[in-house]
Amino acid sequence: MDLKSLNYEELQNEIKNLGESAFRAGQIYDWMHKKGAESIDEMSNLSKNLRERLKTGYEYTALKTVQVQESAIDGTKKYLFALSDGNLVESVWMKYHHGNSVCISSQVGCRMGCKFCASTLDGLERGLLPGEMLDQIYRITKETGQRVSNVVVMGTGEPMDNYDNVVKFVHMLSDDKGLNISQRNITVSTCGIVPRIYDLAREDLQITLAISLHAPTDEKRRVLMPIANSYSLKEVMDACRFYFEKTGRRISFEYALVSGVNDRDEEVRELSALLGGGGYHINLIPVNPIKERNFKSTGHSRVLQFKNKLEKNGINVTIRREMGRDIDGACGQLRRRHLTGDSTQA
Ligand code: SAH
């Protein structure tokens, strides 16, 4: 059992069962979730005896920084962390005018198989525990010395394929006993696992849900995303409407532009039909090409045209800033390069 993955209530129960007084739970929780203690030994206001018992009775998640890459263009930092079992995950730190944002991984690898994505090339190893997701943020806060204001679950992995741990993570991250990050500043991105979107809608959270759309018709989506074989766009859109009705939170859609594949006028028309009048928001990003696949990214002027044409049709569009292009910015590239021992840039 990982001590850092227990919520406050669960920790209180454990401490009670150890025969310790209740306020110890508060101290321990504080060390883990506010002070970023890297080991139980750091918890200096606990007796040596209690520390020993915690050490023998529980696992303690503490990520080790393996590598940091800093972008010369925009100061974005990409971290490669080792988990206790030796698995590697990556996280990204981005500086915006409105604060610092961290993009975290929710799984080691991924089994969704999206064709343009480096994270899924070796399949899924395992889902991350809440403590392992939290610790990505704790480590980065410590290393940068700056407060994190926004968290996006858009790194490696499919959060809805690690549902319980992700929901618990959101609760712990927004808890005032922890980093107390407002749920409105947390975004969870999914490739569109429909039943989990309904479940999430019922959790009563105020987070932003992002859907990875990437194509405007089922046929075109199946070429890029195997999940489209399981759920149709109609089912995804119905689930999105339910999410909005239940939570009052607007859905945002992610659309990676691939030259000649999903960036033509035909797709403008189809996207407008799909999203028009829905009050939706779409985020465009030129696909970040990975060398294992030969997708080409849409050029800057075409991205602007695509945006303008959608806007003319009444759709809310932003172009996502491409952060850290010079540092393996695409999802899963850094970890993969480390695992394969490949030293060439993708
Ligand atoms: N599995 C989740 C979250 C992780 S991926 C999801 O599918 O939403 C985060 C986002 O990055 C998704 O929109 C994903 O489609 C996108 N992405 C992955 N590889 C990319 C690449 N090479 N270029 C641009 N976007 C990419």
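Bear in mind that the values in this text are calculations on the coordinates, not laboratory data. Just so you know, these numbers come straight off a predicted model, no measurement behind them. Here the Cβ positions follow ideal geometry from the backbone for every residue, glycine too, while neighbour counts run over all protein chains shown.
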Estimated FRET transfer efficiency when R0 is 22 angstrom, pair Leu304-Arg269 (beta carbons, to 0.05): 0.80
Stretchable slack from Val223 to Ser182, in nm (0.36 nm times residue separation minus alpha-carbon distance): 11.1 nm
Cα centroid separation, the stretch 21-36 to the stretch 53-80 (Å): 21
Unit charges on C-beta of K, R, D, E only; dipole of the chain, Debye: 740
Principal axis box of the stretch 3-57, alpha-carbon based, largest edge first, Å: 24, 22, 18
Residue of Met112, Met160, Met43 that the Gaussian network model of the chain assigns the largest fluctuation, springs spanning Cα pairs under 10 Å: Met43
Degrees between helix 8-17 axis and first principal axis of the chain (Cα, 0 to 90, nearest 10): 30
Straight-distance crosslink candidates among lysines, where the alpha carbon sits under 25 Å from Lys115 and sequence neighbours closer than 8 are dropped: Lys78, Lys220, Lys234, Lys291, Lys296, Lys307
Theoretical gain in end-to-end length, Lys234 to Glu203 [0.36 nm per residue, Cα-Cα removed]: 8.9 nm
Nearest 10 degrees, 0 to 90: helix 48-57 Cα axis against the chain principal axis: 50
Amide proton proximity set for Ile181, modelled H, under 5 Å, gap of 5+: Ser174, Asp175
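Using only alpha-carbon positions, what ratio does the radius of gyration of the chain give when scaled by 2.2 N^0.38 Å?
Working: Rg = 20.9 Å, N = 346, 2.2 N^0.38 = 20.3 Å.
Its radius of gyration relative to the 2.2 N^0.38 Å reference: 1.03.
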Cα centroid separation - the stretch 160-214 against the stretch 222-259, whole Å: 15
Estimated distance in nm for a label pair at Ala82 and Thr318, the labels positioned 7 Å out from Cα along Cα-to-Cβ: 3.7
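Arg241 to His98: FRET efficiency via 1/(1 + (r/R0)^6), r the Cβ-Cβ distance, R0 25 Å, to the nearest 0.05?
Numbers: r = 29 Å, r/R0 = 1.14.
Efficiency at R0 = 25 Å is approximately 0.30.
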20 Å Cα-Cα threshold exceeded, pairs from Lys34/Lys77; Lys142/Lys177; Lys4/Lys177: Lys34/Lys77
